[in-house]
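Visitor: Encoded as structure tokens, here's the structure I'll be asking about.
The values are calculated or read from the model by the stated rules, or taken from the named source; none is laboratory data. Everything numeric here is computed off the predicted structure, so don't read it as measured data. Counting neighbours? That spans all protein chains shown, and the Cβs are built from the backbone with ideal geometry, glycine included.
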Amino acid sequence: MKLGIINPLLGLMLLPFSIGFTQSFLSQLSGFDTFGGGETAFAVGLVAYFILRRAGLRMGFLSTLAHELTHAIWGLVFRAKIKDIRVKGESGFVRLSKTNSLIMLAPYFFPFYTVLIVASSFFIREKYLTAVFFLTGFSMAFHIASTIESLRAGQPDIYKTGVFFSLPIIYISNLTVILWVLKFISPKSVDITLFMNTALTESIALIQRIYLFF
């Protein structure tokens, strides 16, 4: 069976999981009862980015750089060789010895700058963590906005892997990544294990209801 047929079928199978993960994600947010300094700094960073974006801020080069570097990093994860990578202005490309669906879709669910900022927190003094939380919120908002903008622009990566397959993967992955980021910001408010268990339980229950309906 050709990949062009398999991916839409997988996309169809992922739709119940999109609903299950959404329900579990919202459940985690509803239990978010802690709002201290870290949470405030994160929220301010998040809002600050969207205000600046509304005012005309565009970070095209940084978006393109993150996009191509993410392709490269995920290529290395899957043992691909980087043959060439170039970024100039708001355009760029990376050539790898091999690729797959995750490598192509990684920039849409892997928040490159947020990961760098979170990783840096392990080497930063505690008194600077408020700035880290602010930048985490700012960079996460940048990732979300850039992803939406890329999807609206019709990136070739999406069409190569199949729109019907790509969108559920990107959506589910982003919900999971966002929750991991919130876990970093507010460890006591987020339960990743409960999130995954609830998401899978709700998804499987929905699949069973659909099966019984037909």
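Visitor: Being buried (at least 19 other Cβ atoms within 10 Å of the Cβ), in contact with a Phe, Trp or Tyr (Cβ under 6 Å, 6 or more places away or on another chain) and closer than 20 Å to residue 34 by Cβ is the requirement here; does residue 133 meet it?
Guide: Working: buried (at least 19 other Cβ atoms within 10 Å of the Cβ): yes; in contact with a Phe, Trp or Tyr (Cβ under 6 Å, 6 or more places away or on another chain): yes; closer than 20 Å to residue 34 by Cβ: yes.
Spelling it out, residue 133 is indeed buried (at least 19 other Cβ atoms within 10 Å of the Cβ), in contact with a Phe, Trp or Tyr (Cβ under 6 Å, 6 or more places away or on another chain) and closer than 20 Å to residue 34 by Cβ.
Let's see how each residue does on (1) at pLDDT 95 or above; (2) in contact with a Gly (Cβ under 8 Å, 6 or more places away or on another chain); (3) farther than 26 Å from residue 101 by Cα:
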{"site": "177", "(1), (2), (3)": "yes, no, no"}
{"site": "186", "(1), (2), (3)": "no, yes, yes"}
{"site": "190", "(1), (2), (3)": "no, no, yes"}
{"site": "210", "(1), (2), (3)": "no, no, yes"}
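Visitor: Still on this model: Looking at the stretch 174-186, can you tell me whether even one residue there is farther than 25 Å from residue 54 by Cα and in contact with a strand residue (DSSP E or B) (Cβ under 8 Å, 6 or more places away or on another chain)?
Guide: Within the stretch 174-186, not a single residue is farther than 25 Å from residue 54 by Cα and in contact with a strand residue (DSSP E or B) (Cβ under 8 Å, 6 or more places away or on another chain).
Visitor: From the list 117, 144, 85, which residue is touching a helix residue (DSSP H, G or I) at 6+ places or on another chain (Cβ under 7 Å), of a type in the set (Val, Ile, Thr) and within 30 Å of residue 44 (Cα to Cα)?
Guide: On the way: 144 fails: touching a helix residue (DSSP H, G or I) at 6+ places or on another chain (Cβ under 7 Å); 85 fails: within 30 Å of residue 44 (Cα to Cα).
One residue alone meets the criteria, 117.
Visitor: Determine whether residue 93 is at pLDDT 95 or above and either outside any helix (DSSP H, G or I) or buried (at least 20 other Cβ atoms within 10 Å of the Cβ) (or both).
Guide: On the way: at pLDDT 95 or above: no; either outside any helix (DSSP H, G or I) or buried (at least 20 other Cβ atoms within 10 Å of the Cβ) (or both): yes.
For residue 93, the condition - at pLDDT 95 or above and either outside any helix (DSSP H, G or I) or buried (at least 20 other Cβ atoms within 10 Å of the Cβ) (or both) - is not met.
Visitor: Now for a separate question. Does the stretch 40-55 contain any residue that is surrounded by 14 or more Cβ atoms within 10 Å (Cβ to Cβ), touching a helix residue (DSSP H, G or I) at 6+ places or on another chain (Cβ under 7 Å) and among the charged types (D, E, K, R)?
Guide: Here is the first cut: in the stretch 40-55, the residues surrounded by 14 or more Cβ atoms within 10 Å (Cβ to Cβ) are 40-46, 48-50, 52-53.
Narrowing further to those that are touching a helix residue (DSSP H, G or I) at 6+ places or on another chain (Cβ under 7 Å): 41-46, 48-50, 53.
Add one more test, that the residue is among the charged types (D, E, K, R), and what stays is 53.
Checking the stretch 40-55: at least one residue is surrounded by 14 or more Cβ atoms within 10 Å (Cβ to Cβ), touching a helix residue (DSSP H, G or I) at 6+ places or on another chain (Cβ under 7 Å) and among the charged types (D, E, K, R).
Visitor: Continuing with the same structure: Just give me the residues in the stretch 60-87 being out of contact with any Gly (no Cβ under 7 Å at 6 or more places or on another chain), over 23 Å from residue 140 (Cα atoms) and assigned to a strand (DSSP E or B), in sequence order.
Guide: Matches in the stretch 60-87: 83, 84, 85.
Visitor: I've got another one for you. Here are some conditions: (1) closer than 24 Å to residue 46 by Cβ; (2) of a type outside the set (D, E, K, R); (3) part of a helix (DSSP H, G or I). Residue 104 meets all but one. Which one does it not meet?
Guide: Unmet condition: (1).
Visitor: Mind checking which residues of the stretch 142-165 are modelled with pLDDT of 90 or more and of a type in the set (A, V, I, L, M, F, W, C)?
Guide: Selection gives 142, 144, 145, 148.
Visitor: Has the stretch 197-214 got any residue that is assigned to a helix (DSSP H, G or I), of a type in the set (Val, Ile, Thr) and closer than 29 Å to residue 34 by Cβ?
Guide: We begin by selecting, within the stretch 197-214, every residue assigned to a helix (DSSP H, G or I); these are 197-213.
Cutting the leftovers down to of a type in the set (Val, Ile, Thr) gives us 198, 201, 204, 207, 210.
Pick out the ones that are also closer than 29 Å to residue 34 by Cβ and you get 198, 201.
Yes: the stretch 197-214 contains one or more residues that are assigned to a helix (DSSP H, G or I), of a type in the set (Val, Ile, Thr) and closer than 29 Å to residue 34 by Cβ.
Visitor: Also: Applying the selection to the stretch 109-125, what residues are of a type outside the set (A, V, I, L, M, F, W, C), at pLDDT below 95 and not in a loop (DSSP other than H, G, I, E, B)? Outline the logic, then answer.
Guide: We begin by selecting, within the stretch 109-125, every residue of a type outside the set (A, V, I, L, M, F, W, C); these are 111, 113-114, 120-121, 125.
So of that shortlist, the ones also at pLDDT below 95 come out as 120-121, 125.
Selection gives 120, 121.
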